[in-house]
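The values are calculated or read from the model by the stated rules, or taken from the named source; none is laboratory data. Just so it is clear, the structure is predicted and the values come from calculations on it, not from any experiment. Cβ placement follows ideal geometry from the backbone for every residue including glycine, while neighbour counts extend to all protein chains displayed.
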Amino acid sequence: DTEVTQTPKHLVMGMTNKKSLKCEQHMGHRAMYWYKQKAKKPPELMFVYSYEKLSINESVPSRFSPECPNSSLLNLHLHALQPEDSALYLCASSQDGSSYNEQFFGPGTRLTVL
Amino acid sequence: QQQVKQSPQSLIVQKGGISIINCAYENTAFDYFPWYQQFPGKGPALLIAIRPDVSEKKEGRFTISFNKSAKQFSLHIMDSQPGDSATYFCAASRSGTYKYIFGTGTRLKVLA
């Protein structure tokens, strides 16, 4: 299985809602990533988990809260988001960070914040 | 020094033509250079990648050329097809790190 899956595909939420994005991979990868992508822009790194520990937080606002329950799963908990947080949220995974870092991306969750 | 400059921003090519996208970097510590293809509403898909110990890598119609001294690398799409119409991102990374530095992207349109 060489796939990264993400659910849901689309999400619409109000600014007071709490929601979660889910990502799963079964490639045995030990590094998992959350990216945010705005239209016509490259993906922007948010968080990196390595061996289920948060390794990188790119100064992301606390209304985004990542969680890595196990080596195959990655969640992104959302709370009190702003309309400018509307974007495509991408999950990716890689073997780990110790060598050439081939990252595999999921299809993304299209998030709209009203 | 962390930037990767990508050009052109957009490209229109006739079917059967050659599409060429260029990227330049500054940080000589980078040692992995992937190209990603992204269709609208989808996640980026790894197309082809190169390491600095080779000057060219070919996979089917896609070729990366790498010029270490000039700190430049490029993607060539031979016999371009309408199905190649997508946004292409180059990136650079250093082994032992998790971060990709992405280029700004090139929107390719191949006319039928």
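The listed residues are A:Ser50, A:Ser94, A:Ser55, and the only one of them that is within 12 Å of chain B (Cβ to nearest Cβ), in contact with a His (Cβ under 8 Å, 6 or more places away or on another chain), touching a residue at least 40 places away in the same chain (Cβ under 8 Å) and closer than 28 Å to B:Phe33 by Cβ turns out to be A:Ser94. Which one is surrounded by the fewest Cβ atoms within 10 Å (Cβ to Cβ) among residues in segment B:38-55 that are among the hydrophobic types (A, V, I, L, M, F, W, C) and closer than 23 Å to A:Lys40 by Cβ? Taking the candidates together, the pick is B:Phe39. In segment A:37-47, the qualifying residues are those that are more than 13 Å from the chain's Cα centre (by Cα) and more than 8 Å from chain B (Cβ to nearest Cβ), and the one that is surrounded by the most Cβ atoms within 10 Å (Cβ to Cβ) is A:Lys38.
Considering A:Leu78, A:Leu74, the condition of being of a type in the set (A, V, I, L, M) and away from every other protein chain (no Cβ under 14 Å) is satisfied by A:Leu78 alone.
Residue-by-condition table, conditions (1) under 22 Å from A:Gly108 (Cβ atoms); (2) within 14 Å of another protein chain (Cβ to nearest Cβ):
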{"site": "B:Val13", "(1), (2)": "no, no"}
{"site": "B:Trp35", "(1), (2)": "yes, yes"}
{"site": "B:Arg51", "(1), (2)": "no, yes"}
{"site": "B:Ala86", "(1), (2)": "yes, yes"}
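Report yes if B:Gly41 is under 26 Å from A:Pro107 (Cα atoms) and more than 13 Å from the chain's Cα centre (by Cα), otherwise no. Judged against the criteria, B:Gly41 is a match. Selection of segment A:12-35 for residues being modelled with pLDDT of 95 or more and more than 17 Å from A:Glu67 (Cβ to Cβ) yields only A:Val12. Scanning segment A:1-27 for residues that are part of a strand (DSSP E or B) and either hydrophobic (A, V, I, L, M, F, W, C) or within 11 Å of chain B (Cβ to nearest Cβ) (or both) yields a total of 9.
Yes/no matrix, rows are residues, columns are (1) of a type outside the set (Lys, Arg); (2) over 30 Å from B:Ser7 (Cβ atoms); (3) part of a strand (DSSP E or B):
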position	(1), (2), (3)
A:His29	yes, yes, no
A:Pro42	yes, no, no
A:Leu54	yes, yes, yes
A:Pro61	yes, yes, no
A:Cys91	yes, no, yes
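Inside segment A:45-57, residues that are touching an Asp or Glu at 6+ places or on another chain (Cβ under 8 Å) and either within 26 Å of A:Gly14 (Cα to Cα) or among the aliphatic types (A, V, I, L, M) (or both) make up a count of 3. Checked against the criterion of being crowded, with 16+ Cβ neighbours inside 10 Å, in contact with a strand residue (DSSP E or B) (Cβ under 9 Å, 6 or more places away or on another chain) and touching a residue at least 60 places away in the same chain (Cβ under 8 Å), the candidates B:Ser80, B:Ser85, B:Ser10 yield just one match: B:Ser80.
Within segment B:13-37, take every residue that is of a type in the set (Phe, Trp, Tyr) and more than 25 Å from A:Ala39 (Cα to Cα) and give me the one that is surrounded by the most Cβ atoms within 10 Å (Cβ to Cβ). So, considering only residues that are of a type in the set (Phe, Trp, Tyr) and more than 25 Å from A:Ala39 (Cα to Cα), the one surrounded by the most Cβ atoms within 10 Å (Cβ to Cβ) is B:Phe30.
Only one of the numbered conditions (1) without any contact (Cβ under 8 Å) to a residue 24 or more places away in the chain; (2) within 14 Å of chain A (Cβ to nearest Cβ); (3) surrounded by 13 or more Cβ atoms within 10 Å (Cβ to Cβ); (4) of a type outside the set (Val, Ile, Thr) is violated by B:Ser65, and that is (2).
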